[in-house]
Amino acid sequence: MNPNILILGAPGAGKGTQSDNIVDEYGVDHVTTGDALRSNKGMDISHLGLAYDTPGEYMDKGELVPDEVVNEIVETALDEADGYVLDGYPRNLDQAEHLSAMTDLDVVLYLDVDEDVLVERLTGRRVCEECGATFHVDFDPPEQAGVCDECGGDLYQREDDSEETARERIRVYEDNTAPVVEFYDDRGELARVDGEQTPDEVWGDVSDAIETHA
Ligand code: ADP
Ligand code: AMP
């Protein structure tokens, strides 16, 4: 049986980067609410009668998309997966409770990174519009600026990776998601990894933690 892995960390902590390694090594599905929501930014959610009528309006402000929308995306994706690495969910305690009722986790990883480093990582992030590969203008630059090394596609900067929205997302993380890290820590389930090391060093610690717990 493939492992069920949860990867926690602030925006920019390196969850997507390490999830790619986990997928390559263990053949699990990458379930990421951020990517799922970005593909459905314009979805009509007006029937829910909430503050905004599409997920994109929450995302562009750095706010959380309502639980009703996100819980359903995760439920469907986990049902279909034979082992997964879950990235970007749960982002608050209600989502964490919902997840506990939905599935059993084998490993809960937490990538620990300081706020100043997070802002640098988010504002320098570039993503391939064709294949989704992630680069960084200083820490992981592509061979040719603006061009994906993997597929030759154009690189773009996510709208919510501006400095202002990045700081707001980190604030939203501290208010809503830091308690989720405590929730798993209190249950003795958290494998804490120093996320400020090089990507290869982080991967070494992540894979050790998975081998120990899964
Ligand atoms: P998250 O999915 O947690 O938001 P990403 O994996 O997209 O974070 O990483 C954010 C940015 O930081 C990307 O541009 C990525 O290339 C870069 N990055 C990821 N891990 C590291 C690391 N260990 N050291 C330096 N830069 C990193
Ligand atoms: P990410 O790609 O994980 O940085 O997420 C980008 C944006 O998508 C967030 O700032 C939120 O607006 C939204 N989002 C992603 N995951 C969730 C979630 N679990 N709950 C609520 N909103 C989410």
Once you place label points 7 Å from the Cα toward the Cβ at Asp154 and Asp104, how far apart are they in nm?
4.8
Based solely on C-alpha atoms, express the radius of gyration and the Dmax of segment 159-200 in angstrom.
13.4, 37
Quick one: which residues, 5+ away or cross-chain, put their amide H under 5 Å from the amide H of Met43? H built at 1.01 Å from N.
Gly56
Please compute one quarter of the surface area of the Cα convex hull for segment 1-102 and express it in square nanometres.
6.7
Per the Debye formula with a single identical scatterer at each Cα and no solvent contribution, what log10 I(q)/I(0) holds for segment 123-214 at q = 0.13, 0.18, 0.21 Å⁻¹?
-0.66, -1.04, -1.10
If a paramagnetic tag sat 7 Å from the Cα of Arg167 along the Cα-Cβ line, which residues of segment 115-137 would have the backbone N under 19 Å from that point?
115-125
Binned at 5 Å starting from 0, the alpha-carbon pair-distance distribution of the chain in whole percents comes out as 1, 7, 14, 19, 21, 19, 12, 5, 1, 0
Suppose we keep just the DSSP beta bridges with both residues in the chain; what percent of those would be antiparallel, to 5?
30
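Only helical DSSP H runs with n ≥ 4 go in: add -39500 (n - 2.57) per run for the chain, normalise by residue count and round the 222 nm mean residue ellipticity to 500 deg cm²/dmol. Walk me through the intermediate numbers first.
Details: 9 runs with 91 residues, N = 214.
Taking each H run of at least 4 residues, the total per residue is -12500 deg cm²/dmol.
Throughout, read-outs are computed from the coordinates displayed, never taken from laboratory work. Model, not experiment: these values are computed from the prediction. Every residue, glycine among them, receives a Cβ derived from its backbone with ideal geometry; neighbour counts consider all protein chains shown.
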